[in-house]
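The values are calculated or read from the model by the stated rules, or taken from the named source; none is laboratory data. If you're wondering where the values come from, they're calculated on a predicted model, not measured in any experiment. Every residue, glycine as well, gets a Cβ built from its backbone with ideal geometry; the counts of neighbours run over all protein chains shown. SASA here: full protein model, heavy atoms, side chains in, ligands and nucleic acids out. Shrake-Rupley method; radii C 1.70, N 1.55, O 1.52, S 1.80 Å.
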Amino acid sequence: MLNIVLFGPPGAGKGTQAEKLIEKYNLVHLSTGDILRAELKAETELGKEAKKFMEKGELVPDSVVIGMIVAKIDANPNAKGFIFDGFPRTTAQAEALDEVLNKKGTPISIMLALFVDDDELIKRLLLRGKDSGRADDQDQSIIENRIKVYNKDTAPVIDFYDDKNKYKAIDGVGSIDEIFFRLCEAIDSV
Ligand code: ADP
């Protein structure tokens, strides 16, 4: 089983690369952002609760996203592996994921962290906001808050995987294919 954490700040290209990776390696894509947006759209209780945080660029509480991701793992018993995209975003989430996967005997294989400088991130997100309709991509102050939250709460997740020798830094600047090649090289060396 190949379980990958695709990591990086908002706008780093996780979603784009995840789409290509799931096809090549035959994996199930679990994006907490996508799952939360689907809940929002369906106006579920979970979606209504999450909306309050998402529209400010804050993190949705750990208990909510952890429960959500565990349910999705359990719903895919025949998966050849998963790509976790946008999760874990806090050390508590990383610990919870570790516990669940270890219990199943299918731990994380590698954590791939995409690096892109802040100016480029803001540029990419504002561009995405123009045609995606995502409200959180259309307001520069919300984008800046998401990057701030990333640096404060999410970046420490790197240490969690580094301590387990599973962390690999990937340059996230370049063409989509160049970055895809870098990711595949890292995966194939696991
Ligand atoms: P991006 O990475 O571009 O910010 P995502 O689609 O991954 O976008 O997430 C959008 C929003 O959903 C985040 O700003 C946050 O509010 C919420 N979210 C997504 N994943 C998580 C998570 N693992 N923990 C807490 N909140 C999350």
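Some observations on this one:
- With protein chains left intact and a 1.4 Å probe, residues in the stretch 118-167 average 61 Å² of accessible area per residue.
- Computed over the alpha-carbon pairs of the chain, the distance histogram in 10 Å steps reads 9, 38, 39, 14, 0 percent, short to long.
- Each label point was placed 7 Å from the Cα along the Cα-to-Cβ direction; for D62 and N26 their separation is 3.6 nm.
- 13 Å reach of a label modelled at M1, 7 Å along Cα-to-Cβ, counting backbone N of the stretch 20-41: 28
- The calculated FRET efficiency for the pair K52 and D98, based on their C-beta separation and a Förster distance of 30 Å, comes to about 0.60.
- In order along the stretch 90-103, the phi-based Karplus estimate (6.51 cos²θ - 1.76 cosθ + 1.60, θ = phi - 60°) of 3J(HN,Hα) comes to 9, 4, 4, 5, 5, 5, 5, 5, 4, 5, 5, 6, 5, 4 Hz; Gly and Pro are listed as x.
- For the stretch 37-101 versus the stretch 121-186, the inter-centroid distance based on Cα atoms is 17 Å.
- For the stretch 53-117, with all protein chains in place and a probe radius of 1.4 Å, 53% of the accessible heavy-atom surface sits on carbon or sulfur.
- FRET efficiency estimate (nearest 0.05) - Cβ-Cβ, D74 to E19, R0 30 angstrom: 0.80
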